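These notes are about the structure you will find just below.
Just so it is clear, none of the values below were taken in a lab; they were calculated from the coordinates. Just so we're clear, the structure is a prediction, and the values are computed from it rather than from any experiment.
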Amino acid sequence: MLDIAWLSTQWPTEHKDGYGDVPVALSQLSSFQRDEARPFFVFIDEKREAADEDKLMRKLFGIEEVVMGSKLFNCYRMNVEDIPDSKLQKQYGKKLPAIFFYDAKGKEIGKVTGSKKAKTVFGKLGKLYKSFYAKGSLTKWVDTYNDKLKDMEKAEDTVATAKKTLSGVQERADKKKKKTKKILKSIAEAKTAVSDAEKAFSKAKDVVAKHEAVKTKTDKKVTAAR
């Protein structure tokens, strides 16, 4: 399964005297968001064989831009069979799969139906971004995010390499009967390299975290999902 942070949810309802909980329009999910209010999209599909589902998911969501960009939105997934009203099933499940895109207030921004390419989905996500976030574009945010993640991964690899080097130096030193000044110097230098690498990695993580806190048009900051 692709790394999109799908949220499970029930169809939105409202209570009406004498009728109980009545299903309402999908846009009303905006009133029931468990996390920070933000734009959201809802993926609706029927049950499929695992291989067919995997193929479909890769076509709809299987590019880096969509997976990374989705972190700025609440992403819901539902089966059409779980829609608790036949009229709503026909309305939202007329052509499957279907993805409905809404701004933070529940206004529909667009939809994608059928087995479209992931670039089409990313285009809709770009419109969601523009509806809510203050600066730039989703494309720019994703490109920058990708660069910063790569920098963080490189810093993490450097830590691992430095620790491996230190372990090797210490292992060789342990085999010596006497630790000479040269050996002690090598150990000290290896320890310093580990410390420096860990500091750089910590800084890289802070840079990523800062980029994940995105300013909205209302001057608030919403944090991207991990």
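Annotations for the structure displayed:
- Candidates LYS59, LYS199, LYS177, ranked by Gaussian network fluctuation over the chain, Cα under 10 Å, top entry: LYS177
- Build a GNM of the chain with springs between Cα atoms under 10 Å apart, and of THR165, THR180, THR120 the one that fluctuates most is THR180.
- Computed over region 66-145, the ratio Rg/Rh where both radii use C-alpha atoms and Rh is Kirkwood: 1.01
- Selected from VAL169, VAL66, VAL121 as most flexible by GNM, with the chain as the system and alpha-carbon contacts under 10 Å: VAL169
- Helix-only CD estimate at 222 nm, as mean residue ellipticity for the chain, using -39500 (n - 2.57) per DSSP H run (n ≥ 4): -16500 deg cm²/dmol
- Straight-line cross-link partners of LYS215 among the aspartates and glutamates, defined as a Cα under 15 Å from its Cα and at least 8 positions apart when in the same chain: GLU36.
- Principal-axis tilt of helix 50-61 within the chain, Cα atoms, nearest 10 degrees: 80 degrees
- Each residue of region 140-149 is assigned a 3J(HN,Hα), and the resulting list reads 5, 4, 5, 4, 5, 4, 4, 4, 5, 5 Hz, derived from the Karplus form 6.51 cos²θ - 1.76 cosθ + 1.60 (θ = phi - 60°), x at Gly and Pro.
- Stokes-Einstein D in µm²/s, Kirkwood radius over Cα pairs - the chain at 20 °C with 1.002 mPa s viscosity: 104 µm²/s
- Relative contact order (percent, whole number), the chain, Cα cutoff 8 Å, 6+ residue spacing: 21 percent
- Rounded to 5, percent antiparallel among DSSP beta bridges of the chain: 65 percent
- Between region 93-137 and region 24-84, the alpha-carbon centres lie 10 Å apart.
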